[in-house]
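Notes follow the structure.
The values are calculated or read from the model by the stated rules, or taken from the named source; none is laboratory data. Treat the numbers as computed from the prediction; the structure is a model and nothing was measured. Note: ideal-geometry Cβ built from the backbone for every residue, glycine included; neighbour counts use all protein chains shown. SASA here: full protein model, heavy atoms, side chains in, ligands and nucleic acids out. Shrake-Rupley method; radii C 1.70, N 1.55, O 1.52, S 1.80 Å.
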Amino acid sequence: MYDSASSFNYPSRQFGELNPPADKTARPLRHSETGDASGPVHRFLELSATTLFPLLFVPALLLPCYQLTREGVAWLAVPGVLLGLAFGDFITGLVHWAADTYCEESTPVIGRSLVKPFRVHHVRPSEICEHGLVETMGNTCMLAVPLLALFLALTLYGETSATAAFALFTAAMTVGVTVITNQFHKWAHAEKPPRLVRAMQRARIILSPGHHQEHHTAPFESSYAITNGWLNPLLNRTRFYRRLEGALSALGIKPSRKE
């Protein structure tokens with residue numbers, strides 16, 4: 001839910017403010033690395049996926065709606081999309097919590113691409129605003145494109161309204177988890193997002209700065225969901241993540257980082 005363009009080391013879970021002033025952005029970093037983490041092949045894949053994404057997303061969204069309308073159950077489109085976005089919000093929170101709490105930068109596969117960027121973000125929160133469209137969404141578009149292609153094929157070859165409703169739900173969930181989350185997260189840190197975006201933030205349609213500030217406030221153990229934050233109040237109130245940590249600890253899986 002965050003891009004992998006950052007390349008800094010960070011102190012252990014000493015997270016900063018949502019948009020800290022320049023003179024107190026974070027505690028000193030141990031050292032920094034120079035250069036973009038993306039090679040030419042990876043950059044090409046990011047650009048290709050970012051270009052292909054809208055070409056697949058539009059039909060993946062509209063075709064199920066058309067089929068539901070043809071079957072006389074167009075009303076299923078609304079709960080399908082809302083449930084997909086809500087479930088996507090839950091998935092982003094779960095991944096965010098896991099990246100903050102477990103594993104290390106050296107963990108194979110996910111260490112550099114997932115764990116490190118999330119933790120760097122807590123030290124340099126506003127750095128996300130310096131990234132362009134491809135940097136922000138390229139990696140996640142690479143995940144979304146094959147999934148959207150799969151759901152589009154499911155819609156084209158499916159014959160029932162249940163298939164169309166499921167395809168719409170999964171397409172909305174996939175887009176929520178893999179693509180729009182990064183942009184919504186970026187806008188939550190932006191000083192002056194577009195006027196329409198500010199209106200959507202105030203209406204809590206997408207992640208708002210005020211709501212996301214809770215995650216960047218000590219003890220940094222709440223409000224992990226970053227698509228729209230709809231599920232954060234429930235997950236915070238029920239101490240979902242702390243209970244999950246307790247269950248995993250009972251199985252011998254201990255958090256890798258402490259405050």
What are the equivalent ellipsoid semi-axes of region 176-227, built from the alpha-carbon gyration tensor (square roots of five times its eigenvalues), in whole angstrom, biggest first?
18, 13, 9
Distance between modelled label sites at residue 250 and residue 198, nm, 7 Å Cα→Cβ extension
4.9
For region 172-177, Karplus couplings with θ = phi - 60° (6.51, -1.76, 1.60), whole Hz, Gly/Pro x
5, 4, 4, 5, x, 6
Using the Kirkwood radius over Cα pairs, work out the Stokes-Einstein diffusion coefficient for region 137-259 at 4 °C and 1.567 mPa s, in µm²/s as a whole number.
77
q = 0.14, 0.18, 0.21 Å⁻¹: log10 I(q)/I(0) that the Debye formula gives for region 126-185, counting C-alpha atoms only:
-0.45, -0.64, -0.77
Is the C-alpha gyration tensor of region 190-259 telling us rounded, prolate or oblate? Criteria: a/c under 1.5 is rounded; beyond that, a/b larger than b/c is prolate, otherwise oblate.
prolate
Residues of region 139-259: accessible area per residue at 1.4 Å, in Å²?
49
Additional length obtainable on full extension of the chain from residue 47 to residue 205, 0.36 nm per residue less Cα span:
54.1 nm
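Order of 168-179, 226-237, 122-133 by packing, highest average Cβ count within 10 Å first?
So the peptides 168-179, 226-237, 122-133, ranked by packing, come out 168-179, 226-237, 122-133.
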If I model region 39-107 as equal point scatterers sitting on the Cα atoms and use the Debye formula, what is log10 I(q)/I(0) at q = 0.13, 0.22 Å⁻¹?
-0.67, -0.99
Only loop residues by DSSP count here, and only those with at most 11 other Cβ atoms within 10 Å; note down the GluC sites (Glu not before Pro) in region 163-258 that meet that.
191
Tell me the carbon and sulfur percent of the accessible area for region 93-172, rounded to whole percent, probe radius 1.4 Å.
72
Want the number for residue 243 to residue 218: 0.36 nm per residue separation, take away the alpha-carbon distance, what's left?
7.1 nm
Region 65-177 - Rg (one decimal) and Dmax (whole number), Cα, Å:
17.4, 52
